[in-house]
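The values are calculated or read from the model by the stated rules, or taken from the named source; none is laboratory data. Just so we're clear, the structure is a prediction, and the values are computed from it rather than from any experiment. Here Cβ is always computed from backbone atoms with ideal geometry, including for glycine, and neighbour counts include all displayed protein chains. When the accessible area is computed, the model is the full protein with side chains, heavy atoms only, and any ligands, DNA or RNA have been set aside. Shrake-Rupley method; radii C 1.70, N 1.55, O 1.52, S 1.80 Å.
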Amino acid sequence: MIQSVDRAIRVLGVLQGARLLSLSEVAARLELPPSTVHGIIKTLLAHGMVVQDRATARYRLGPAVLKLGNVYLDTLELRSHTLSWSAELARRTGFAVRTGVALPDEVMIIHHEPRPDGSRQMPEVGIVIPIHASALGKVILAYSPALADGLGSGELRSMTGDTVTDANALREQLTAVRSNALATEQEEAVLGECGLAAPIFDSTGAVAGAIGVVVPMLEWPAEGAVATAVREAARNISRELGAPRWPAA
């Protein structure tokens with residue numbers, strides 16, 4: 001591992017978790033000397049990966065990070081196959097649709113189809129949600145033994161009062177998820193927000209991600225037709241990716 005590259009990536013990771021940080025705050029979080037961090041940030045500034053706020057002199061992620069992210073999204077096969085099916089799922093259910101892929105302990109949203117009611121909604125592409133606190137994450141974990149084992153047996157991060165924080169209790173939920181290829185969550189990541197999700201598989205038969213709907217708490221539980229539509233979307237995307245099978249087929 002090249003130490004300077006590792007440290008630069010860690011700086012970006014720290015800035016990802018906060019809107020604006022001072023040099024000393026970044027250094028403290030990385031447990032590195034401010035002089036070392038200053039040199040790294042100066043280099044990242046030159047490449048547009050980091051920008052400095054003129055009013056506060058604090059640092060945040062720069063536009064070059066977004067550019068790289070967009071290139072990744074544009075070349076992601078899963079996302080390209082998701083676009084039309086997400087739009088159809090949103091039309092059928094009336095709910096916003098998310099497609100996510102797994103990070104070590106989070107789910108990253110790679111496509112967001114807004115609710116079709118024309119209401120103002122924030123774009124969600126690029127946001128991350130704790131993998132154990134979302135329907136998308138749970139359904140990915142259910143078919144990813146290595147990821148599930150990585151949760152350990154201790155306490156998981158709590159997002160709301162309803163987040164499942166016991167790893168063993170979560171594994172019991174994953175067994176139920178595998179019985180019908182559908183995961184649910186009720187206000188575990190965000191208050192007032194629930195969800196259903198189904199797995200997407202690739203040509204090797206491995207889980208590639210998940211697709212699901214975001215259901216307001218006032219409309220929970222969703223009708224059975226919503227679960228059927230989510231499963232059908234996941235099955236169709238999996239078929240386009242060349243998946244040899246789908247568990248609920």
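Observations on the structure shown:
- The one condition from (1) within 22 Å of the chain's Cα centre (by Cα); (2) at positive phi that residue 183 does not meet is (2).
- Failed item in (1) open to solvent by less than 30 Å² (accessible area, probe 1.4 Å); (2) in a helix (DSSP H, G or I); (3) within 30 Å of residue 229 (Cβ to Cβ), with residue 99 passing the rest: (2)
- Hits in segment 92-122 - residues which are among the acidic types (Asp, Glu) and either within 21 Å of residue 132 (Cβ to Cβ) or in contact (Cβ under 8 Å) with a residue 40 or more places away in the chain (or both): 105, 106
- Residue count for segment 195-215, restricted to those that are more than 15 Å from the chain's Cα centre (by Cα) and closer than 20 Å to residue 130 by Cβ: 1.
- Members of segment 128-180 found to be in contact (Cβ under 8 Å) with a residue 12 or more places away in the chain, closer than 21 Å to residue 243 by Cα and not small (Gly, Ala, Ser), listed by number: 136, 138, 139, 140, 141, 143, 147, 177, 178, 180
- Restricting attention to segment 187-224, the residues that are among the small types (Gly, Ala, Ser) and out of contact with any helix residue (DSSP H, G or I) (no Cβ under 8 Å at 6 or more places or on another chain) add up to 4.
- Applying the condition of being closer than 18 Å to residue 200 by Cβ and of a type in the set (A, V, I, L, M, F, W, C) to segment 107-127 and asking which residue is surrounded by the fewest Cβ atoms within 10 Å (Cβ to Cβ) yields 125.
- 1 or more residues open to solvent by 60 Å² or more (accessible area, probe 1.4 Å): qualifying strands (runs of 3 or more DSSP E) within segment 136-249: 183-186
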